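The values are calculated or read from the model by the stated rules, or taken from the named source; none is laboratory data. Only a predicted model underlies this, so the values are computations on that prediction, with no experimental measurement involved. As a convention, Cβ positions derive from the backbone with ideal geometry for all residues, glycine included, and neighbour counts pool all protein chains shown.
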């Protein structure tokens with residue numbers, strides 16, 4: 001007999017949110033994660049308002065707020081001219097319980113959820129297990145896993161959610177195409193103790209800085225500032241990461257009489273891709289396994305969490321007797337959002353920051369200023385950039 005549970009492959013924020021939502025609906029869940037523990041990485045750090053609304057249903061948001069930094073303002077800037085347009089998320093009061101961005105590293109969410117799930121009846125958490133294969137028939141899904149010693153085992157379930165990231169084994173095993181593009185430049189992320197707002201008094205805690213030669217973003221976390229810069233893909237890793245070169249680039253952001261302290265550094269490729277299918281029989285894809293986009297706008301993790309909530313709601317209805325064809329709506333809704341909202345907004349943000357033509361740059365700036373100055377347009381823009389509108393549009397998708 002097939003075990004009456006759902007397997008989730010991937011113990012990151014997307015997988016653990018899905019597990020939390022399913023467990024809240026009294027559905028037995030097994031989470032399989034290759035890492036031996038939650039990774040304290042410094043990847044995603046922005047939580048948008050509707051994501052906080054979702055997490056608040058599980059009693060998680062207040063814990064994140066206590067560990068994070070509330071940021072009601074964000075802005076577009078020019079590297080030479082300074083602030084171009086500042087957006088105030090308090091305009092969303094009445095549309096959300098949390099009219100601000102919360103800067104809080106994603107590992108803080110995964111730790112909170114992991115600890116809650118570990119104490120929840122009906123939940124199994126398996127760390128140090130690597131998914132290596134999956135198959136399904138009309139009644140069940142069978143996941144093949146290897147432990148750290150290479151021993152093989154099989155886990156069975158009624159359904160499976162593949163939330164195993166950009167290099168998803170589940171997506172690969174299903175043969176689902178992952179069409180899109182790889183952005184030419186590589187991104188360099190530097191976390192530093194330098195207080196940029198002390199020397200840039202009009203700086204918001206989330207700032208996208210345009211420049212025809214070298215755009216950047218500046219994001220404040222509870223303890224550090226994160227600087228994101230583009231790098232030449234042909235420049236070697238050794239050259240890019242050389243301490244003297246990092247110091248040179250940070251000094252070009254803001255000159256400091258003392259050397260910068262770099263707490264964390266990473267360089268990575270950026271992709272814009274969407275899976276051809278989010279649903280294959282009894283197997284669903286969510287998060288980076290289903291779609292990838294550049295980080296300009298902070299929509300990657302948030303979009304993945306929205307996937308997790310959506311697919312969990314559908315599975316909960318099916319568990320209670322709804323037709324399994326309901327999963328088709330998950331694919332239609334979330335794939336539409338990935339293409340028409342998340343990817344489109346991230347690409348537009350990159351285009352604004354990276355634009356070299358003076359006339360087009362000026363047109364972007366004029367439009368941003370006009371948008372920020374008009375209360376109606378200001379709120380409409382925030383509804384889109386905060387991802388509230390994409391969720392409402394998805395609900396209207398049959």
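When the stretch 1-31 is examined, which residues are found to be out of contact with any helix residue (DSSP H, G or I) (no Cβ under 7 Å at 6 or more places or on another chain), surrounded by fewer than 24 Cβ atoms within 10 Å (Cβ to Cβ) and either touching a residue at least 40 places away in the same chain (Cβ under 8 Å) or under 18 Å from residue 169 (Cβ atoms) (or both)?
The answer is 2, 3, 4, 5, 26, 28, 30.
Hey, among the residues in the stretch 322-334 that are under 14 Å from residue 391 (Cβ atoms) and in contact with a strand residue (DSSP E or B) (Cβ under 9 Å, 6 or more places away or on another chain), which one's surrounded by the most Cβ atoms within 10 Å (Cβ to Cβ)?
334
I'd like the full set of residues that are at pLDDT below 95 and assigned to a loop (DSSP other than H, G, I, E, B), limited to the stretch 258-287.
Hits for the stretch 258-287 are 269, 270.
List, please: which pairs have Cβ atoms under 8 Å, are six or more places apart or on different chains, and start with a residue in the stretch 386-398 that is at negative phi and exposed (fewer than 12 other Cβ atoms within 10 Å of the Cβ) and end with one that is at pLDDT 90 or above and assigned to a helix (DSSP H, G or I)?
The qualifying pairs are 395/333; 398/329; 398/332.
Can you go through 372, 290, 308, 338 and tell me which one is crowded, with 23+ Cβ neighbours inside 10 Å, in contact with a strand residue (DSSP E or B) (Cβ under 6 Å, 6 or more places away or on another chain) and at pLDDT 90 or above?
290
Do the conditions hold for residue 85, that is, is it crowded, with 17+ Cβ neighbours inside 10 Å, in contact with a strand residue (DSSP E or B) (Cβ under 6 Å, 6 or more places away or on another chain) and farther than 21 Å from residue 303 by Cα?
Against the criterion (crowded, with 17+ Cβ neighbours inside 10 Å, in contact with a strand residue (DSSP E or B) (Cβ under 6 Å, 6 or more places away or on another chain) and farther than 21 Å from residue 303 by Cα), residue 85 qualifies.
For residue 97, indicate whether it is out of contact with any strand residue (DSSP E or B) (no Cβ under 9 Å at 6 or more places or on another chain) and surrounded by fewer than 21 Cβ atoms within 10 Å (Cβ to Cβ).
Yes.
Out of (1) surrounded by fewer than 22 Cβ atoms within 10 Å (Cβ to Cβ); (2) within 20 Å of the chain's Cα centre (by Cα); (3) within 30 Å of residue 159 (Cβ to Cβ), what's the single condition that is false for residue 301?
(1)
Kindly list, by first and then second residue, each pair from a residue in the stretch 360-377 that is touching a residue at least 12 places away in the same chain (Cβ under 8 Å) to a residue that is assigned to a helix (DSSP H, G or I) and surrounded by 12 or more Cβ atoms within 10 Å (Cβ to Cβ), limited to pairs with Cβ atoms under 7 Å and residues at least 6 apart or on different chains.
364/352; 371/377; 371/378; 371/381; 372/378
Every residue in the stretch 196-215 that is at pLDDT 95 or above and assigned to a loop (DSSP other than H, G, I, E, B), please.
203, 204, 205
Out of all the residues in the stretch 216-240, which are surrounded by fewer than 17 Cβ atoms within 10 Å (Cβ to Cβ) and either in contact with a strand residue (DSSP E or B) (Cβ under 7 Å, 6 or more places away or on another chain) or outside any helix (DSSP H, G or I) (or both)?
Matches in the stretch 216-240: 222, 223, 232, 233, 234, 235, 236, 237.
If we scan the stretch 109-116, do we find a residue that is over 30 Å from residue 384 (Cα atoms), free of Cβ contacts under 8 Å to residues at least 60 places away in the same chain and in a helix (DSSP H, G or I)?
Looking for residues that are over 30 Å from residue 384 (Cα atoms), free of Cβ contacts under 8 Å to residues at least 60 places away in the same chain and in a helix (DSSP H, G or I), one finds at least one in the stretch 109-116, hence yes.
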